[in-house]
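Below: one structure, written as structure tokens.
Read-outs: derived from the displayed coordinates by stated rules, not from any lab. Note that this is a predicted model, so its numbers are computed, not measured. We place every Cβ from the backbone using ideal geometry, glycine too, and count neighbours over all the protein chains shown.
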Amino acid sequence: MQLIFATNNAHKVSEVRAILDGTGVSVVTLAEAGLDVDPPETGDTFEDNALQKARFVHALTQGWVVADDSGIEVDALGGRPGVHSKRFSPEATTDANNRLLLAELEGTEGRTARFRCVLALVGPGHEATVSGSCEGRIAHAPRGADGFGYDPLFLPDETPGRTMAELSSAEKNAISHRGRCFGRLPELLP
């Protein structure tokens, strides 16, 4: 089954295609579906945003759409940046977001955090969501060349001593918040 993936994030698309490989489910990008849109994400929760994006694209196409919203929640910051992970810093760039996160945690010992993701599937007469998370902590400096976003700062509990950006794609997809969500996508389909 082929679904439209309601994102313009090329990194996410690449990751999700690898996660879904061999499942019988595939995704096409918004551009591949002939859509030049940026789905809105104005909700207060990951679930709100995932559903909002999927519903928006479904309303345009009447087809089957999958969307996700994800971010990093840092316990010492009361769960921030959370749903605002992409727009955490005024510049809203990866480098600026990572610098701000490190600055806000400077001198903090308790650096526990989690990546959280909510996936929404919307189709004719059908809506479903599933969530996934990956527990870990925030490193004191970025490490690794792979991954994107906060990956160079996130040390998953399941891979002690290595950041998400130091893992192979297969290792990351096996434990990541997005891997856990999209790995369950086939069971959400009618």
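The residue list A67, T42, L20 was ranked by how far each Cα lies along the charge dipole of the chain toward its positive end, using unit charges on Cβ atoms, and L20 comes out on top.
Where in the range 30-87 are there GluC sites (Glu not before Pro) that are in a DSSP coil and have at most 13 other Cβ atoms within 10 angstrom of their Cβ?
Numbers: sites: E32, E41, E47, E73; in loops: E32, E41.
Counting only loop positions with at most 13 other Cβ atoms within 10 Å, the GluC sites (Glu not before Pro) in the range 30-87 are E32.
Packing around the peptides 89-96, 117-124, 139-146, taken as the average count of other Cβ atoms within 10 Å per residue, puts them in this order, highest first: 117-124, 139-146, 89-96. For L102 and R184, the difference between the fully extended length at 0.36 nm per residue and the C-alpha to C-alpha distance is 26.3 nm. Estimated purely from DSSP H runs of n ≥ 4, each contributing -39500 (n - 2.57), the mean residue ellipticity at 222 nm for the chain is -8500 deg cm²/dmol once divided by its residues.
Inter-part distance, the range 29-50 to the range 149-169, computed on C-alpha centroids, equals 27 Å.
The value given for the chain is a Kirkwood hydrodynamic radius of 16.8 Å, derived from the mean inverse Cα-Cα separation.
Here the spin labels are modelled as points 7 Å beyond Cα on the Cα-Cβ line, and at R17 and S168 they lie 2.0 nm apart.
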